[in-house]
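Okay, so here's the structure we're looking at.
The values are calculated or read from the model by the stated rules, or taken from the named source; none is laboratory data. Computed from a predicted model, the values in this text were never measured in an experiment. Note: ideal-geometry Cβ built from the backbone for every residue, glycine included; neighbour counts use all protein chains shown.
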Amino acid sequence: MSTYILGIDNGITGSITLMSPEGKVIFYEPIPIYKERKWTKPTKKVIRKKATKTKPAEKQVKFEYDNITMVDIHTLQRLIIKYTGTINDVHCFLERPAISYAAAWSMKTSLSAAMSWAYVVYVLKNLKIPRTDIDSKEWQHQLIPEASGENNKEYMKTLKPGERNKLLKEAAYELAKTLYPALNSKDKGAGDSICIAEYGRLKMNGGGI
């Protein structure tokens, strides 16, 4: 087979990678995003200024709006078309969003992840690009087994969740750097889409997974 792979790390801090059947990274980009005014009501802020010898006391009322970061679907679609428009066989491996309602902070993150997922799926469907949905553990266990605890489960049990996540991100980044030396961002999860694309390439093109 000669399938080109789109690897997409879902979310507003995610990225997208197109990889050739031979394992060459054709392009790597952060997911395009933009700021939009949030749907919640504005916060009322009252500013009081004390009176001076020349001016009476003043009261100003301002309304402040929160913003939300969203996936720019039009830019994302143009980006994919730019690099895949002349390719006949393209398949996307898309990482599922991590959804949790255990705490207020995770609800906010989960909502953002679910919205991003919906926008990315819309673009893929619009471009008629087939996709396979995967969990992060699926590619991590195959590509970075030591960091995922696949070969050392007892040791992984001794780590705190934050320590384990850091270990996974560092291992994924190092693997991504070997696949794409031009990667120069050490942001959290910067190389995940490259790893996802590599996993998809091996799976689709008979690479032993």
| field | Residue pairs meeting the criteria (Cβ under 6 Å; at least 6 apart or on separate chains; first assigned by TED's automatic domain parsing to the domain that holds LEU143, in the stretch 158-170; second part of a helix (DSSP H, G or I) and modelled with pLDDT under 80) | value | LEU167/ALA147; LEU168/ALA147
| message | Scan the stretch 92-101 and tell me whether some residue there is aromatic (Phe, Trp, Tyr) and without any contact (Cβ under 8 Å) to a residue 12 or more places away in the chain. | response | yes
| request: Counting only residues that are of a type outside the set (Gly, Ala, Ser), modelled with pLDDT of 80 or more and farther than 20 Å from HIS91 by Cα, give me the helices (runs of 4 or more DSSP H) lying completely in the stretch 117-209 with at least 3 of them. | output: 161-179
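Listed here are the residues, each with its yes/no results for (1) modelled with pLDDT under 95; (2) assigned to a strand (DSSP E or B); (3) surrounded by fewer than 16 Cβ atoms within 10 Å (Cβ to Cβ).
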position: ILE12; (1), (2), (3): yes, no, no
position: LEU18; (1), (2), (3): no, yes, no
position: THR40; (1), (2), (3): yes, no, yes
position: LYS53; (1), (2), (3): yes, no, yes
| field | Every residue from the stretch 56-83 that is in a loop (DSSP other than H, G, I, E, B) and out of contact with any Lys or Arg (no Cβ under 8 Å at 6 or more places or on another chain) | value | PRO56, ASP72
